[in-house]
1. Hey, if you put +1 on the Cβ of every Lys and Arg and -1 on every Asp and Glu Cβ in region 46-217, which of F158, G70, T206 ends up farthest toward the positive end of that dipole?
2. What is the dipole size for region 46-217, taken about its Cα centre, with +1 at each Lys and Arg Cβ and -1 at each Asp and Glu Cβ, in debye to the nearest 20?
3. Taking 8 Å as the Cα distance limit and 6 or more residues as the minimum spacing, I'd like the relative contact order of region 110-181 as a percentage.
4. Relative contact order (percent) for the chain, with alpha-carbon contacts under 8 angstrom and 6 or more residues of separation?
5. Report the far tail of the P(r) of region 34-108, meaning the percent of Cα-Cα pairs longer than 18 Å.
6. Put +1 on the Cβ of every Lys and Arg and -1 on every Asp and Glu Cβ in the chain; which of H42, A82, A139 then has its Cα farthest towards the positive end of the dipole?
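No lab work stands behind these numbers, since they all come straight from the coordinates. Since we're looking at a predicted model, the values are computed, not measured. Virtual Cβ from ideal backbone geometry, glycine too; neighbours counted across all protein chains shown.
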Amino acid sequence: MGAPMGTIMAQATVQTMDIDAVLTLTQWLSPAYPVGAFAYSHGLEWAVEDRQVRDAQSLADWLGAVVCHGAGLADARFLVAAYRADDPVRIDALARAFAPSAERLKETVLQGEAFARATTDIWHLSLPGLTYPVAVGRAARLCDLPLDVTLGLYLQAFVSNLTAAGIRLIPLGQTEGQGIVKALMPLCRATADAALTGSLDDLSSTAFLGDIASMKHETQYARIFRT
């Protein structure tokens, strides 16, 4: 005997909601969304010039450390906290204070403000200028989008944007770059799980070379990227 009609309709409604949520999030986190993510290398430009990153393997190692132990994990914790909070102002202030350099602060503030402007205009939200992960978390909460999917796609976009920067800087082929993105997805899942089960009390960053790279980039002689 088949499932009751009410159950089938409920399942179809949930499925439609899930698809709508994914479509919204992929639009927000697409390279085409006007946050200017393509202009930031997160210190990677200095790392390439200094030969810390020089090929596909060293790029994957660098990005893996940043995702698991640096800004990737910190951003994930800020996004989760902003999603769960009734008011993200205190979380945003902490995110600004946690930026390890002037350029990294500029990166998260300018991207967050651009995201807030575009999302406010298109989705008609009340979204002030916030740091980028806090703005994404708050917008997802206001639009009732699933937190786990939001976080997973945010981390995928984070890795994809920095891989694209590495492709241009090293340079690498597009296929090599996509192989790096695929290889780092298990680390993104693990980082998302850690953020979902933890809190801001667990906030830390131990990817010190990445932080130093963002400071060195401030005085780099020739630059393509803003950070």
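1. Of the candidates, F158 comes out farthest on the positive side.
2. Numbers: 15 positive and 19 negative charges, 33 e Å.
Dipole size: approximately 160 debye.
3. On the way: 57 pairs, mean separation 14.6, N = 72.
It comes to 20 percent, rounded to a whole number.
4. On the way: 300 pairs, mean separation 81.3, N = 227.
Contact order relative to length: 36 percent.
5. Working: 1397 of 2775 pairs.
Taking all Cα-Cα pairs of region 34-108, the fraction more than 18 Å apart is 50 percent.
6. Highest projection toward the positive end goes to H42.
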